[in-house]
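Structure record follows, encoded as structure tokens.
The values are calculated or read from the model by the stated rules, or taken from the named source; none is laboratory data. Quantities reported herein were computed from a predicted structural model and do not represent experimental measurements. Cβ coordinates were reconstructed from backbone atoms using ideal geometry, including for glycine residues, and neighbour counts include every protein chain displayed.
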Amino acid sequence: MADYMITCDLKRPGQEYHYLIRALGRYPDSLHILETTWLVRTMATPDLVLADLEQYVDIEDQMFIAAIQTPAAWSDSLGVNRVLDFFSRA
């Protein structure tokens, strides 16, 4: 299993991104941490995750997926307990 940070620049105002949000929620271990940033734990490679998700964004949008590991740092406004809980579910 790997932990990934998925972040998006969603360029099209008014575009419906609920399908993307729903797709990210299908990953059994996922956490929405910022407006367009999620943590996801999966056996898939970054390329496979991208292939799964890019169908839900427009051609002008951008998506970045990178493996992450602890230690990590974040501001307390993210909800320290939610992030710690995500990393402790290994």
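Values computed for the structure shown
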{"read-out": "Pairs with Cβ under 9 Å, 6+ apart, first in region 1-20 and within 11 Å of residue 62 (Cα to Cα), second of a type in the set (Phe, Trp, Tyr) and outside any loop (DSSP other than H, G, I, E, B)", "value": "6/38; 6/64; 7/38; 7/64; 8/38; 8/64; 9/64"}
{"read-out": "Elements of type helices (runs of 4 or more DSSP H) contained in region 1-88, each with 3 or more residues being at pLDDT 90 or above and among the hydrophobic types (A, V, I, L, M, F, W, C)", "value": "18-25, 46-53"}
{"read-out": "Whichever residue in region 27-54 is farther than 26 Å from residue 71 by Cα and in contact (Cβ under 8 Å) with a residue 24 or more places away in the chain and, among such residues, is surrounded by the fewest Cβ atoms within 10 Å (Cβ to Cβ)", "value": "52"}
{"read-out": "Qualifying residue in region 14-26 (condition: surrounded by 11 or more Cβ atoms within 10 Å (Cβ to Cβ) and touching a strand residue (DSSP E or B) at 6+ places or on another chain (Cβ under 6 Å))", "value": "yes"}
